[in-house]
Amino acid sequence: MQYIRDIIICDHCQTPNKKLPLQAKEEARCAECGAMLYTSSVGMEWKILSFSFSALVLFVLINIFPIVHIDIAGMEAQLSLIAAIWELFQRGFLFVSFFALLVLEVFPFLLMSFLFAFALFVVSGIEKSAAKTLLLAVSVIRRWSMLDIFFISILVAMIKIYEYAHISFSVSFWALAGFIILEIVLVRIVPIGQLWDMWERRYGVS
Amino acid sequence: MEYLKCLYCEATNHKNARYCGRCGQYIALEAKKSLHKSLAYLLAAIIFYIPANIYPVLLTSKFANAQGSTILEGVVAMWQSGDYPVAIIIFTASIFIPLAKFGVLFYLNYTLARCQTQNIAKRVMLYRLIELTGPWSLIDVFVVLILVALIHFKNIAIIPGIGVSSFALMVVLTILSANVLDPRLLGEECEKR
């Protein structure tokens, strides 16, 4: 069944708006409530390609190096993401550790690798249906990548112990910060519908 | 409204479309199914809210005697030690937001079931708010994860408590409850859906 190309429904107030083509750096706002509808997507595939690749590199760093290093009166300890999840698993907290594994490791990784593969396909104009499948997966798992929440949790946990521990942030902490910024730019600010618009424009879907 | 927005790819479809023309997913409005599912998840979440607040989320063991602390006790302890901003963050994320979510989800479910059509913009805003803030309640779960991994020395250790499982389940269930509640229903008139 056909769908209506030239109308976009506002997320905030559900008002149908007419879709207009944009110049570079322009953005479209809802006529009723002024919420952002979409931005110009000139060169967006390259942005996605480079940002998701950077995010993947940072993801590797996050998993290799420790996040924080603490020192409590000579007793030292390090926090690394996968070891923390494993620790909880060993103590029998199956649900929490499994859930943490999904939202902190599996989904962030899949999200970025799918976006990367998607951008690669779009840039080279091949594999139309594979690109669609990837985009559909991105649409679903983007809500379940929760490294941003984990980042704030690190800060909260450090505030809980800063009185009696000497804390130093390691490589992964900054890698995590970078990953979150890239994730926010890629899937939180840019509406997912815009990636779909890009997909149909590139492959000339009619 | 004469249009139907796809929840996957945000394409605008005709009102009577069953599958999205762009991404091919099933998108037909199913008011009853959506409400029932949402309410079921919500009730399950409320059930888990009780053990999440009764049982300790973490235990501090000093020289082999362990002392548990629930979420509320954690907030109180932080407030007393003068960490006001963090106490407020934790109180908001772990106690206030879940309760507010229960209230809002009940309200949305109730108004949809009773076919109330006023305050559409306000209710859409409420929906977006709980969808956005929902996962942030997980801060407490991740703090436990971090502290347990960091502090396990010979004479002082932090051990996860049974409350953390209930709490995590409660948060996941409220996220699911908000996810299955179809926001497009809010803009629809009852007889047309």
Assuming B:Ala149 fulfils every condition listed in (1) among the aliphatic types (A, V, I, L, M); (2) within 8 Å of chain A (Cβ to nearest Cβ); (3) buried (at least 18 other Cβ atoms within 10 Å of the Cβ); (4) farther than 18 Å from B:Ser69 by Cα apart from one, which condition is it? (4)
Kindly establish whether B:Leu99 is surrounded by fewer than 19 Cβ atoms within 10 Å (Cβ to Cβ) and away from chain A (no Cβ under 12 Å). yes
So A:Arg29 clears everything in (1) within 16 Å of A:Gln194 (Cβ to Cβ); (2) modelled with pLDDT of 90 or more except one condition, right? Which one? (2)
Being within 30 Å of B:Cys115 (Cα to Cα), among the β-branched types (Val, Ile, Thr) and buried (at least 23 other Cβ atoms within 10 Å of the Cβ) narrows it down to one of B:Thr174, B:Thr133, so name that one. B:Thr174
Looking only at segment A:23-81, count how many residues are β-branched (Val, Ile, Thr), outside any strand (DSSP E or B) and open to solvent by less than 60 Å² (accessible area, probe 1.4 Å). 3
What is the number of the single condition among (1) under 24 Å from B:Lys33 (Cβ atoms); (2) over 15 Å from the mean Cα position of the chain (by Cα); (3) free of Cβ contacts under 8 Å to residues at least 24 places away in the same chain that B:Val124 does not meet? (3)
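For every residue, the table says whether it meets (1) part of a helix (DSSP H, G or I); (2) more than 30 Å from A:Asp197 (Cβ to Cβ); (3) touching a Phe, Trp or Tyr at 6+ places or on another chain (Cβ under 8 Å); (4) among the basic types (Lys, Arg).
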site: B:Gly24; (1), (2), (3), (4): no, no, no, no
site: B:Leu29; (1), (2), (3), (4): no, no, no, no
site: B:Ala40; (1), (2), (3), (4): yes, yes, no, no
site: B:Pro51; (1), (2), (3), (4): yes, yes, no, no
site: B:Ala66; (1), (2), (3), (4): no, yes, no, no
site: B:Leu72; (1), (2), (3), (4): yes, yes, no, no
Here is a list of conditions, (1) within 14 Å of another protein chain (Cβ to nearest Cβ); (2) crowded, with 20+ Cβ neighbours inside 10 Å; (3) not in a loop (DSSP other than H, G, I, E, B), and B:Phe91 meets all of them except one; can you say which number that is? (2)
If you check A:Leu155, A:Leu134, which single one turns out to be touching a Phe, Trp or Tyr at 6+ places or on another chain (Cβ under 8 Å), within 12 Å of another protein chain (Cβ to nearest Cβ) and at pLDDT 90 or above? A:Leu134
When segment B:108-130 is examined, which residues are found to be crowded, with 21+ Cβ neighbours inside 10 Å and within 7 Å of another protein chain (Cβ to nearest Cβ)? B:Val124
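The values are calculated or read from the model by the stated rules, or taken from the named source; none is laboratory data. The structure presented is a predicted model; accordingly, all values stated were derived computationally and were not measured. Cβ: placed from backbone, ideal geometry, glycine included. Neighbour counts: every protein chain shown. These area figures cover heavy atoms from the full protein model, side chains too; ligands, DNA and RNA do not enter into them. Shrake-Rupley method; radii C 1.70, N 1.55, O 1.52, S 1.80 Å.
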